[in-house]
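We did not get these values from a lab; they are worked out from the coordinates using the rules stated. Given the structure is predicted, the values throughout are model-derived calculations rather than measurements. Neighbour counts are summed over all protein chains in view; Cβ atoms, including those assigned to glycine, are modelled from backbone coordinates with ideal geometry.
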Amino acid sequence: MAVKKETYSEAMKRLESIVAGIESNELDIDELGSQLKEAQKLIKYCRDKLYKADAEIKKMLETEEGDENN
């Protein structure tokens, strides 16, 4: 799976699907391992997207505040 080509929403939906499968005990032990690895990648991808979005928002707000003070 190419996580980086997914949108944040797509990655979250896939992660929710994996969690649901784990919680419902639908996965055999071999599948569970691969699903957990995929979930780790999706979590990292989503976390990175959120951190980048947060940094961009903070930067925009700081720029906006600077413009208002001048």
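Going through region 13-32 one residue at a time, which ones are surrounded by 11 or more Cβ atoms within 10 Å (Cβ to Cβ) and either among the hydroxyl-bearing types (Ser, Thr, Tyr) or part of a helix (DSSP H, G or I) (or both)?
LYS13, ARG14, LEU15, GLU16, SER17, ILE18, VAL19, GLY21, ILE22, GLU31, LEU32
Does ILE57 satisfy being part of a helix (DSSP H, G or I), touching a Leu at 6+ places or on another chain (Cβ under 8 Å) and of a type in the set (Val, Ile, Thr)?
No.
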